[in-house]
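Okay, so here's the structure we're looking at.
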Amino acid sequence: MADLIKIIVVLAVLVLLLRKKLNFGAVMLVGAVILGLLYRTPPQTFLTGVFRAIVAPNSLEMTAALVFTMIIENILRTTGTLKRMVESLARILPDARLIMAAMPAMIGMLPSPGGAVFSAPMVQEASARLNIKPDQQAFINYWYRHIWEYVSPLYPGMILVAGLTHLPFQRLALANAPFAVAVVLFGALFCFTGISTSVARQETRTDSAKHQAVLTFLAAIAPILLTLVLVVLLQVNVVAAMGGVTVALFAIHRYSPAKIWESLRQSVSIRALFLVLGIMVFKEILEVSLALNGLSTFFAKSGFPLLLVLTLLPFLAGLMTGLTIAFVGITFPILLPLMGDGSPSLGMLALAFGSGFAGVMLSPVHLCLVLTREYFEADLSKVYRRLWVPSALVLAAAVIPLYFFK
């Protein structure tokens, strides 16, 4: 019981500091120090753990993957590629409902903080003649913005899970895939209620115009698709795949050395790199302090249903922080030892990730939700009334990986 109380104290401090908008990496380092003090970890053992966390290969790999993700996002945004992608898609799709879903989904392929604001004007324009309420517009924009975070190697949350578990990204994405499919299916069911097909249908465009729009769209989305094909289908190392795509983009857009440096300066965030460091140090100190051993023993003897623990802890962390990387970084180091000896269960990993992300989607401090609500001037309580049922149904999709992935 003492181990549980200590961990609860640490988690409470972490959430409190995050709510005060402090740097996430620094917060995790504070958590590591508190752990070391509570468990009376010898200074030499503590410092050895910190050093191991910094030089660990998976720490360096996660850092490199995050760096390349930020660079790719910067190139696609500053060259106008992202804008061409969504504009061409609007000329291809025959139905305003498809456009309203596709715009935030396309923007969501890149992990831009608060990216829902970019797609919000497009959703508003596509819905201009449909006479739907602001809370429904906000719900559509917010919902379809978050399809890819379950499965994309470009998202820091998935990069972190792969680094913490040492599991191939392909297996993690496959286990999480039912959530992404459920987002699309339940979005179609709940997002567009009250919109008739006849009203939503777009004007017919000429074949030549559609053909040109398709070519433009494929050219714009090619870097993202190439990354996904390399990592998911060809099983290329995620850092090598992203690094190759980054170099190719620099070459295609004829970046001079000065422009490359400017792109690096604009896109690479020291705060994000410090974030990875903080999480990996926190994970290492959990191990060297023997906190995980005590916590695992407690849960094994407590009689608490394991699936309940794997559901509640990530959900609450996601709900309180509104950040995927926060619930993963805070709870996964604690939960991984409970998921099986050696390699953790993919089904349990998917449940924990799906639960945490359900909390993120419902969090009142989630930046995308806050900015979307403000843009559409929607009543937040009405947005929540639309949001909680499909969120619960998406989480229920966890039964699929739990059944098929042991």
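Restricting the trypsin sites (Lys or Arg not before Pro) of the range 1-91 to loop positions (DSSP other than H, G, I, E, B) with no more than 10 neighbouring Cβ atoms within 10 Å leaves K20, K21, R40. Under the simplified labelling scheme, the E374-Q212 pair shows an inter-label distance of 3.8 nm, with each label point 7 Å from Cα along Cα→Cβ. Counting only alpha carbon atoms, the long axis of helix 257-267 and the longest principal axis of the chain meet at about 70°. Taken one residue at a time, the phi angles of the range 70-82 give Karplus couplings (6.51, -1.76, 1.60, θ = phi - 60°) of 5, 5, 4, 4, 5, 5, 5, 6, 6, 8, x, 4, 5 Hz. Gly and Pro are set to x.
May I ask for the net charge around A188, where only other residues with Cβ less than 12 Å from the Cβ of A188 are counted and Lys, Arg are +1 while Asp, Glu are -1?
Local net charge: 0.
So for the range 2-404, taking the charge dipole from beta-carbon charges (+1 Lys/Arg, -1 Asp/Glu), which of I107, P223, L316 sits furthest toward the positive end? Among I107, P223, L316, the one farthest towards the positive end of the dipole of the range 2-404 is I107.
By the beta-carbon count within 10 Å of each Cβ, the least crowded to most crowded order of C191, C368, fewest first, is C191, C368.
The packing ranking of peptides 219-227, 7-15, 263-271, highest mean first, is 219-227, 7-15, 263-271, where packing means the average number of other beta carbon atoms within 10 angstrom of each residue. If I take every Cα pair under 8 Å that is 6 or more residues apart in the range 255-391, average their sequence separation and divide by the length, what percent do I get for the relative contact order? Relative contact order for the range 255-391 comes out at 24 percent.
By the count of other C-beta atoms within 10 Å, a proxy for reagent exposure, L335, L89 are ordered fewest to most as L89, L335. Counting only alpha carbon atoms, the long axis of helix 116-126 and the longest principal axis of the chain meet at about 30°.
Beyond a 30 Å Cα-Cα separation, which of these cross-linked pairs lie in this structure: K21/K133; K21/K382; K21/K283; K20/K382; K259/K283; K83/K133? Numbers along the way, then the final one.
Numbers: K21/K133 32 Å; K21/K382 27 Å; K21/K283 22 Å; K20/K382 27 Å; K259/K283 37 Å; K83/K133 26 Å.
From the list (K21/K133; K21/K382; K21/K283; K20/K382; K259/K283; K83/K133), the Cα-Cα distance tops 30 Å for K21/K133; K259/K283.
Can you give the log10 of the normalised intensity I(q)/I(0) at q = 0.13 Å⁻¹, computed with Debye over equal Cα scatterers of the chain? After summing over all Cα pairs, the log10 values are -1.14. Among T48, T63, sorting on how many other beta-carbon atoms sit within 10 Å of each Cβ, with the fewest leading, yields T48, T63.
Charging the Cβ of each Asp and Glu at -1 and of each Lys and Arg at +1, and nothing else, the dipole of the chain about its Cα centre rounds to 360 debye. Helix 207-228: angle to the longest alpha-carbon principal axis of the chain, degrees 0 to 90, nearest 10? With rounding to tens, the tilt is 10 degrees. Here's how it looks for D95: its modeled amide H is under 5 Å from those of Q202, which are all 5 or more places away or on a different chain.
Listed by chain and number, the aspartates and glutamates whose alpha-carbon sits under 18 Å from that of K6, ignoring those within fewer than 8 places in the same chain, are E284, E287. From the alpha carbon centroid of the range 352-406 to that of the range 10-52 is 29 Å. Measuring between their Cα centroids, the range 313-351 and the range 125-199 lie 20 Å from each other.
A simple charge model with +1 on the Cβ of Lys and Arg, -1 on the Cβ of Asp and Glu and nothing else charged puts the dipole of the range 204-283 at about 160 debye relative to its Cα centre.
Quick note: the coordinates plus some simple rules give every number you see, no bench work behind them. No experiment lies behind these values; they were computed from the predicted model shown. Reconstructed Cβ throughout: ideal geometry from the backbone, glycine too, with neighbour counts over all protein chains shown.
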